1. Taking θ = phi - 60°, what integer Hz values does the Karplus form 6.51 cos²θ - 1.76 cosθ + 1.60 yield along the stretch 214-221, in sequence order, with x for Gly and Pro?
2. Assuming R0 = 35 Å, what is the FRET efficiency of SER68 and THR130, from their Cβ-Cβ distance, to the nearest 0.05?
3. Taking 0.36 nm per residue of sequence separation and subtracting the Cα-Cα distance, how much length would be gained by fully extending the chain between SER117 and SER152, in nm to one decimal?
4. Can you tell me, using C-alpha contacts under 8 Å and at least 6 residues apart, the relative contact order of the stretch 30-222 as a whole percent?
5. Starting from the Cα of LEU221, move 7 Å in the Cα-to-Cβ direction to define the label point; list residues of the stretch 132-159 whose amide nitrogen is under 18 Å from there.
6. Could you work out how far apart the two model spin labels at GLU20 and ASN42 are, taking each label as a point 7 Å from the Cα in the direction of the beta carbon, and quote it in nm?
7. Work out the FRET efficiency for SER230 and LYS199 from their Cβ-Cβ distance, taking R0 = 45 Å, and round it to the nearest 0.05.
8. If I model a spin label as a point 7 Å beyond the Cα along the Cα-Cβ vector, how far apart are those points for LYS13 and ILE245 in nm?
Amino acid sequence: MEALDRVVKPKTKRAKRFLEKREPKLTENTKNAILIKGGNANLTVTETLKDIVSILKNITRPFEDQTSLEFFSKKSDCSLFLFGSHNKKRPNNLIIGRMFDYHVLDMIELGIEKFVSLKDIKNSKCPEGTKPMLIFAGDTFDLNEEYRRLKSLLIDFFRGPTVPTIRLAGLEYILHFTAMDGKIYMRSYKVLLKKSRCKIPRIELEEMGPSLDLVMRRTHLASEDLYKLSLKQPKALKPKKKKNISHDVFGTSYGRIHMQKQDLSKLQTRKMKGLKKRPAAKMTEEDEGISPKKLKSV
């Protein structure tokens, strides 16, 4: 049994708090990512990793041996990883993947064909930690199973923390992914809100980098049963179904009320001169056997 798999009894309060943070929760923590630089990574791969986040150095081959990745994932409590390497057979290589129960769930290998760094684009940048808006273009992301998993991986990797509210000024960073002709084009833009003649500002996009042209290589995808198991949610988080309430595609709630049939002829209306019954109407009611109410004389 490995050291990380043993049942450890805490001896101090600090160790107890640490183990409690690692326990399963109804609402899991925000996913953390670990970025690993392979021992044979070149300048292009290194700059790509630097533009995303800081680097951890290690010599490993994820498709041949996954134990080191699983070890680092459990040690640092990270469920996402991005591994960069370079060799003659697979130059400028990136491997993006995620974990389930500290074991590799999905893993996709991408080759970098073109790379433009943040430093090469001389424009203003967004502040660090800005939550991006993700856009996916191309039918391949919906038709091909490997591209569908890649889309899910990219959403997991770049989505950031869950926020309850959003302000308009905070929508300033766009990550755009396009699948076309067997390649994936990644572009990042800064949203500029310009003055307009109405209340709604005019929107312009300014490229800020990094820019990547990627091609898919090897894949390691989880089986359908394991993938469905990873998506399973606890019963406590599932919303309780309420009767007579429906929702549309925009999330608006609609309620249905059941009432008895109303007799609109007995409905009390506002007394106005224009609503008084004329003599012809009174004669019609007398013929039908309806006795009109007497008007009070003032």
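The values are calculated or read from the model by the stated rules, or taken from the named source; none is laboratory data. These numbers come from a predicted model, not from an experiment. Note: ideal-geometry Cβ built from the backbone for every residue, glycine included; neighbour counts use all protein chains shown. SASA here: full protein model, heavy atoms, side chains in, ligands and nucleic acids out. Shrake-Rupley method; radii C 1.70, N 1.55, O 1.52, S 1.80 Å.
1. 10, 10, 6, 10, 8, 9, 9, 10
2. After rounding to 0.05, the efficiency reads 0.65.
3. Contour length minus Cα-Cα distance gives 10.1 nm.
4. 22
5. Of the residues in the stretch 132-159, 137-157 have backbone N under 18 Å from the label point off LEU221.
6. 5.1
7. 0.55
8. With each label point 7 Å from Cα toward Cβ, the separation is 4.1 nm.
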